[in-house]
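Presented below is the structure to which this report refers.
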Amino acid sequence: DILLFHFSIGHEVCQQVPDMPGRKVMRYHNITPTKYLQTCNPESAHWAEEGRRQLVELAPQMELGLGVSEYNTQELLQAGCPKAGVVPILLDLDVLKTQPDPLTLQIYGTARPTVLHVGRIVPNKCIEDLIKVQYWLDRLVEGSRLVMVGSDGGWRPYSDGLKKLILKLGVQGAIFAGHVSYPELMAYYRAAEAYLCLSEHEGFCVPLVESMYFGLPIVAYESTGVTGTLDGGGILLKKKDPLFIAETLAVLLTRS
């Protein structure tokens with residue numbers, strides 16, 4: 001028998017894995033650093049910290065480690081895994097051919113310049129940096145909007161802080177779409193003209209690949225698994241300068 005253990009956060013089951021029979025393989029999805037979690041969700045921070053500890057205990061006992069990116073694979077090797085390789089997340093691209101929700105497409109599929117971000121509303125995604133970019137983009141491209149698709153479940157303190165930031169800065173065109181259906185997500189991708197990712201921690205970042213499928217130009221902060229997933233398929237930023245990023249997006253949104 002082969003035990004294929006998917007690992008992305010601390011869990012009590014980790015204590016049982018060493019005693020389970022069979023050859024052991026770890027599929028590693030990475031663990032968010034606790035510094036992004038402690039203030040808004042102490043419980044998630046606890047399990048993330050526990051996961052880091054368990055990774056060091058479990059990795060040497062695996063026969064093989066499979067990272068979803070080179071970034072993840074290097075963490076496996078550093079944790080003591082005897083052998084590790086990259087097996088990227090495989091996407092069913094036919095699913096991306098799902099017919100878009102007509103109402104969402106009608107509302108957002110207009111000539112209004114739209115920048116998209118897809119992902120949970122969590123601190124490591126650095127949503128506040130997206131909002132700061134939109135502050136400047138609104139001044140550079142008339143009518144521009146930033147649509148942020150993703151749930152804030154479990155992260156309401158962070159979400160509430162983001163909404164206060166929007167009000168404080170007077171940001172126009174920053175829209176939280178929340179959790180959406182697959183047809184709705186397809187409509188947002190089709191309505192967008194650019195994709196923006198300023199996350200500081202990603203094991204892989206599936207929305208980057210989905211954006212490539214839809215032909216969206218991508219602007220992303222160069223960090224963790226983002227670099228390998230893009231592999232030259234977007235504009236990578238060495239630093240976060242909201243005005244510079246907004247100017248970059250403005251060029252993409254206004255090119256003829």
Filtered residue count, region 1-43, keeping only those that are part of a helix (DSSP H, G or I) and either in contact (Cβ under 8 Å) with a residue 40 or more places away in the chain or open to solvent by less than 70 Å² (accessible area, probe 1.4 Å) (or both): 6
Residue identified as of a type in the set (G, A, S), within 30 Å of D160 (Cα to Cα), open to solvent by 40 Å² or more (accessible area, probe 1.4 Å) and in contact (Cβ under 8 Å) with a residue 60 or more places away in the chain among G119, G109: G109
Residue in region 181-188 that is closer than 17 Å to V68 by Cβ and in a helix (DSSP H, G or I) present: no
Options Y195, Y189, Y135: the member that is modelled with pLDDT of 95 or more and more than 21 Å from K97 (Cβ to Cβ): Y135
Condition check for L146: hydrophobic (A, V, I, L, M, F, W, C), open to solvent by 80 Å² or more (accessible area, probe 1.4 Å) and in contact with a helix residue (DSSP H, G or I) (Cβ under 7 Å, 6 or more places away or on another chain): no
Among residues of region 149-176, those that are open to solvent by 30 Å² or more (accessible area, probe 1.4 Å) and under 27 Å from S44 (Cβ atoms), counted: 15
Candidates Q74, Q78 - the one that is closer than 19 Å to V226 by Cα and loosely packed, with under 15 Cβ neighbours inside 10 Å: Q74
Any pair with Cβ under 9 angstrom, 6 or more apart, that starts in region 177-200 at a residue that is free of Cβ contacts under 8 Å to residues at least 40 places away in the same chain and ends at one that is in a helix (DSSP H, G or I) and open to solvent by 50 Å² or more (accessible area, probe 1.4 Å): A177/E184
Residue in region 184-200 that is open to solvent by 20 Å² or more (accessible area, probe 1.4 Å) and in contact with an Asp or Glu (Cβ under 7 Å, 6 or more places away or on another chain) present: yes
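The values are calculated or read from the model by the stated rules, or taken from the named source; none is laboratory data. All of these numbers come straight from a predicted model, not from anything done at the bench. Every residue, glycine as well, gets a Cβ built from its backbone with ideal geometry; the counts of neighbours run over all protein chains shown. Side chains included, ligands, DNA and RNA excluded: accessible areas come from the protein's heavy atoms. Shrake-Rupley method; radii C 1.70, N 1.55, O 1.52, S 1.80 Å.
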